[in-house]
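Take a look at the structure below.
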Amino acid sequence: MDRGPGHRRPPAGPPRHLPRERLEIWQRWWAIGAFGIGSLWMTVAFLAFPDVMATAIGFHRTPFLFEIAFANLGLAVMGFRAASASARERITIGLGGGMFLWGAVVGHLYQWFANGDHAPGNTGGVLANDILIPAVMIILAVRSQRLAAAPRPRPASAPGASATA
């Protein structure tokens, strides 16, 4: 069926998402997966297996582990909230999570250098997680804000259409 000289056929294959749509998908997955589920997992681990977590960190079991569990529950709630939040809210959530997690990084580094604590839960991948989880949330949200503020390109007018219409 011929639809005329100006008709274009849609490209074959999976649908292509605009940069804003792709960024939104990444933000939602990051919020739910890294921030939400990751923090919920830490909540369960600190509540259900405090001795294992204390050993992994290189600390003795203390009531502070219970507090860490509920701090992580707060992060999980913020992560799940971020899945449907605005860019501004996601920046705030990233900063809020960062205050706890980046403070934890400082504590881990102090324990490493001052006390020689080289336990995997103190100096292993936890350092990268604690730095990157809120940082990536903030970076993605700032990028989203900038894309939203950028002027959108105007669609080209159809052939033969008046420019003054």
First measure r as the distance between the Cβ atoms of Arg88 and His118, then evaluate 1/(1 + (r/R0)^6) with R0 = 45 Å and state the FRET efficiency to the nearest 0.05. 0.65
Amide H of Asp117 versus every other amide H placed in the peptide plane: which residues, excluding those fewer than 5 positions away on the same chain, fall under 5 Å? Trp112
Ile139 paired with Trp41, simple spin-label distance in nm, labels 7 Å along Cα-to-beta-carbon: 2.0 nm
Given a 1.4 Å probe and the protein chains all in place, what does the accessible area of Phe59 round to, in Å² to the nearest 10? 80 Å²
Suppose all protein chains stay in the model; what accessible area per residue would a 1.4 Å probe give for segment 35-165, in Å²? 61 Å²
The summed charge of the Gly74 Cβ neighbourhood (under 13 Å; Lys/Arg +1, Asp/Glu -1) stands at 0
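The values are calculated or read from the model by the stated rules, or taken from the named source; none is laboratory data. These numbers were taken from a predicted model, which means no experiment stands behind them. In this analysis, Cβ positions are derived from the backbone assuming ideal geometry, glycine residues included, and neighbour counts consider all displayed protein chains. With ligands, DNA and RNA removed, areas are computed over all heavy atoms of the protein, side chains included. Shrake-Rupley method; radii C 1.70, N 1.55, O 1.52, S 1.80 Å.
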